[in-house]
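Each remark here refers to the structure printed beneath this line.
Read the figures in this text as sums done on the coordinates, not as results from a lab. Quick caveat: nothing in here was measured; it's all calculated off a predicted structure. Positions of Cβ are backbone-derived with ideal geometry, glycine not excepted, and every protein chain shown enters the neighbour counts.
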Amino acid sequence: MTIGINGWETTKTVFDVLIIGAGPAALIMASALAHHGLSLQGLAPKHPHTPWPNTYGVWCDELETLGLSDLLGHRWQNTVSYFGREVATEPTRHHRDYGLFDKDKLQQHLLDQLGAMTWQLGKAAAITHTDNYSCVTTESGDELKAKLVIDTTGHQAALVKRPMPKNPPVSYQVAYGIVGKFSKPPVAPGQFSLMDYRAGHLSAAELAGPPTFLYAMDLGDDVFFVEETSLALAPALAYDTLKDRLQKRLSAEGVEVSEIDHTEYCLFPMNLPLPDLNQRVLGFGGAASMVHPATGYMVGAMLRRAPTVGDAIANAIANGAEGSAIANIGWHTLWTTERLRKHHIYQFGLETLMRFNHRELCQFFDSFFKLPQAKWSGFLADTLSPFELVMAMVTMFGQTTNPVRGGLMGGVGTDGQLLLKSLIGTA
């Protein structure tokens with residue numbers, strides 16, 4: 001079935017670009033390409049207007065830089081974290097506004113940019129290539145042709161190929177959350193809690209297990225979002241464990257759930273191997289391993305990086321590039337040598353964090369957020385240069401505790417190959 005955006009249909013047999021998927025990555029990339037007047041087609045199992053299920057957070061200054069602050073549904077000035085076991089732990093105040101996207105507004109904003117883009121409902125089953133174009137065959141047998149195919153179908157990509165993970169194993173961030181009403185506020189009114197590692201509600205045996213934290217916010221009108229989160233673990237922590245810990249956390253504070261509006265389950269890999277950067281299908285979003293290896297954030301990065309990638313693709317097509325040449329330009333614009341270097345540094349940090357116990361992890365984050373805000377915010381947003389990133393880590397190493405220093409030094413011996421890759425700047 002073919003549907004048209006804004007009622008426009010096309011008879012083109014070969015499009016400039018075919019985008020597989022209809023989530024945030026697909027619409028962000030399509031929006032960047034549409035500004036260049038390229039002929040675009042999408043392939044997805046659901047209509048692109050289908051509501052997105054998950055919530056997306058972002059630091060507000062990242063959107064202000066892009067001129068997209070009006071896409072926020074919520075904004076908090078009172079942003080805190082707790083890095084300690086006891087209830088009496090003093091909060092770390094971030095002095096930086098945090099927001100949640102209005103998902104519907106973000107989705108509609110992107111759809112409004114797409115002009116004459118058409119969509120085919122279905123799933124990709126196979127792909128073949130000629131010198132001039134690629135042909136995707138859907139599960140229903142339709143053939144869709146384009147000079148470039150972009151796969152935005154996430155970590156288990158439909159068409160993008162990547163090497164099988166070997167060492168280290170794939171680690172997953174996983175979270176279980178509730179949006180609803182409670183017998184009393186689970187966080188202070190008007191507050192956003194980025195990472196609450198207080199764990200007085202856990203037994204000694206639980207505390208010795210994988211650390212988890214509370215990500216929580218006041219949404220207004222007596223509605224709150226509370227989410228128990230495992231930063232990264234291989235294999236992934238079970239949803240039941242997170243649900244049990246969240247219930248214990250709330251009960252310890254005398255908080256009962258009175259009404260559930262939405263239950264959120266979140267699971268995604270943090271350290272998938274990078275895709276083959278020489279393949280004919282271009283990836284974007286999770287399919288291109290764009291998730292921040294140390295934080296799990298991705299939407300802000302996609303909004304920042306899509307215009308540059310879109311410019312490179314449009315210029316390549318305008319200059320007569322064909323087939324593999326367009327994809328090659330797209331991949332190497334998305335994953336420059338500088339970005340590859342940073343990616344491996346972040347992966348090294350992730351592997352080290354996963355070896356920390358609860359106490360060491362709290363000490364690490366306490367030291368991290370004592371860095372100048374420009375350094376820790378740039379680290380989280382992936383906007384520092386490789387040199388700036390290394391210097392931020394060196395600064396933190398100098399001001400943290402001996403147990404954390406020992407863990408970081410041990411990581412050099414265990415995961416030194418990641419640091420070597422960061423020097424070379426290869427995938």
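Taking amide H positions as modeled 1.01 Å from N, with prolines and chain starts lacking one, the residues under 5 Å from HIS74 and 5 or more places away or on another chain are LEU100, ASP102.
Could you order peptides 20-33, 47-60, 211-224 by the average number of other Cβ atoms within 10 Å of their residues, highest first?
On the way: 20-33: 25.5, 47-60: 15.6, 211-224: 19.6.
Output ranking for 20-33, 47-60, 211-224: 20-33, 211-224, 47-60.
Quick one: net charge of GLU62's neighbours, Cβ under 11 Å, K/R +1, D/E -1? Local net charge: -2. When peptides 284-291, 252-259, 74-81, 153-160 are sorted by average Cβ neighbour count within 10 Å, with the highest value leading, the order is 284-291, 153-160, 74-81, 252-259.
The distance between label points at ALA125 and LEU66 comes to 3.6 nm (points 7 Å beyond Cα on the Cα→Cβ vector). Judged by the mean number of other Cβ atoms found within 10 Å, the most tightly packed of the peptides 295-301, 342-348, 129-135 leads the ranking 342-348, 295-301, 129-135.
Normalised by 2.2 N^0.38 Å, where N is the number of residues, the alpha-carbon radius of gyration of the range 142-272 equals 1.33.
Here the range 15-73 has an Rg and Dmax of 13.5, 37 Å, counting Cα atoms alone. Scalar couplings 3J(HN,Hα) for the range 208-222, obtained by applying the Karplus form with A = 6.51, B = -1.76, C = 1.60 to θ = phi - 60°, are 7, x, x, x, 9, 9, 9, 10, 8, 7, 8, 8, x, 6, 6 Hz; x denotes Gly and Pro. Distant-in-sequence amide contacts of THR401, defined by a placed amide H-H separation under 5 Å and a gap of 5 or more residues or a different chain, comprise nothing. Remark on ALA234: its backbone amide H falls under 5 Å from those of TYR172, a criterion applied only to residues 5 or more positions apart or on other chains, H modelled at 1.01 Å from N. Mind checking which lysines have their Cα closer than 23 Å to the Cα of LYS342? Skip sequence neighbours fewer than 8 apart in that chain. The reachable lysines, counting only those whose Cα sits under 23 Å from LYS342, are LYS161, LYS166, LYS370, LYS375, LYS421.
Across the range 95-188, C-alpha contacts under 8 Å between residues 6 or more apart give a mean separation that, scaled by the residue count, equals a relative contact order of 14 percent.
Summing charges over all other residues whose Cβ lies under 10 Å from the Cβ of TYR176, with Lys and Arg as +1 and Asp and Glu as -1, gives -3. The relative contact order of the chain, computed from alpha carbon pairs under 8 Å that lie at least 6 residues apart in sequence, is 18 percent. LYS147 sits among other residues whose Cβ lies under 9 Å from its own Cβ, and their net charge, with Lys and Arg +1 and Asp and Glu -1, is -1. Comparing PRO163, PRO307, PRO189 in a Gaussian network model of the chain, where Cα atoms under 10 Å apart are tied by springs, the biggest mean-square fluctuation is seen for PRO163. May I ask you to list, by number, the DSSP H helices of the chain whose Cα span along the axis is at least 18 Å and whose average Kyte-Doolittle hydropathy reaches -1.0 or more? Span-like helices, by this rule, are 299-318, 337-353, 386-399, 402-424.
Quick one: putting +1 on the C-beta of Lys and Arg, -1 on the C-beta of Asp and Glu, what dipole do you get for the chain around its Cα centre, in Debye to the nearest 20?
Values: 33 positive and 41 negative charges, 216 e Å.
Roughly 1040 debye for the chain.
Computed over the range 243-371, the quotient of the alpha carbon radius of gyration and 2.2 N^0.38 Å is 1.45. Of interest is the spacing of the C-alpha centroids, which for the range 274-343 and the range 87-102 amounts to 32 Å.
Over every Cα atom in the chain, the radius of gyration and the widest Cα-Cα span, Dmax, amount to 22.3, 66 Å.
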